[in-house]
1. Separation between the residue 36 and residue 121 pseudo-spin-labels, each 7 Å from Cα along Cα→Cβ, expressed in nm?
2. Residues of the stretch 78-120 with amide nitrogen under 18 Å from the 7 Å Cα-to-Cβ point of residue 135?
3. What's the FRET efficiency of residue 142 with residue 166 using the Cβ-Cβ distance as r and R₀ = 25 Å, to the nearest 0.05?
4. Please label the shape of the stretch 43-192 as rounded, prolate or oblate, based on the square roots a ≥ b ≥ c of the eigenvalues of the alpha-carbon gyration tensor (a/c under 1.5 means rounded; beyond that, a/b larger than b/c means prolate, else oblate).
5. Take the alpha carbon gyration tensor of the stretch 13-92, find the square roots of its eigenvalues, order them as a ≥ b ≥ c, and report rounded if a/c is under 1.5; if not, report prolate when a/b exceeds b/c, else oblate.
6. With a point put 7 Å past each Cα toward its Cβ, work out how far residue 74 is from residue 106 in nm, to one decimal.
7. Enter the Cα centre distance for the pair the stretch 132-167 and the stretch 63-126, rounded to the nearest angstrom.
8. Which peptide among 21-31, 149-159 comes first, and what is the full order, when sorted by highest mean count of other Cβ atoms within 10 Å?
């Protein structure tokens, strides 16, 4: 088995906040932090009380998190009131999966933007009001729609260089993810081989017993004659 130094990414508090804010909004971070510290599922009403929020706000945040499978729930019927209460917890293992999905989406968008920067001319207002491509600039007669200044063609080489570096970094991160998957599969195969080995030994023992029994029968037959 080839040795792979790369390990799975560590699920830190900052990584959780980064992923959660990206897919569900920054306002859901306090809710996630609350769920992280619980050993059991807690009701949406308790969440609302602990965070001092309206129940509708809490449900809205929970549904946004649930849309990306970051939370799961059980529902129980209140025997006295007759309605269902939902109990929630946080799906921490999904953070890594979502982290790399976000990386892939960003990579695709950066590549699209890089192509656009490389194949188009851009014009910039000298005061920095707006930036426009050739078609937009001609529609505006090369005048800024905000301050009426004459727009100038922009040298976007620095933008292209910056995008190229970002793409290289993201591709490197995704490469590490593939290496981690290879490591996982290799460990699974090794574990399977260890389980199969004892079964072969037990079969050999059975064969030896059968041979011993057969030899005893032959000896008994000779004595009768």
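Values in this text are rule-based calculations from the coordinates and carry no lab data. Since this is a predicted model, take the numbers as computed values, not measurements. As a convention, Cβ positions derive from the backbone with ideal geometry for all residues, glycine included, and neighbour counts pool all protein chains shown.
1. 5.1 nm
2. So the set is 112-120.
3. After rounding to 0.05, the efficiency reads 0.25.
4. Numbers: a/c = 4.65, a/b = 1.59, b/c = 2.91.
It comes out oblate by the Cα gyration axes.
5. Working: a/c = 1.97, a/b = 1.81, b/c = 1.09.
Judged from the Cα gyration tensor, the stretch 13-92 comes out prolate (a/c at least 1.5, a/b above b/c).
6. 3.7 nm
7. 32 Å
8. Ranked by mean Cβ neighbours within 10 Å, highest first: 21-31, 149-159.
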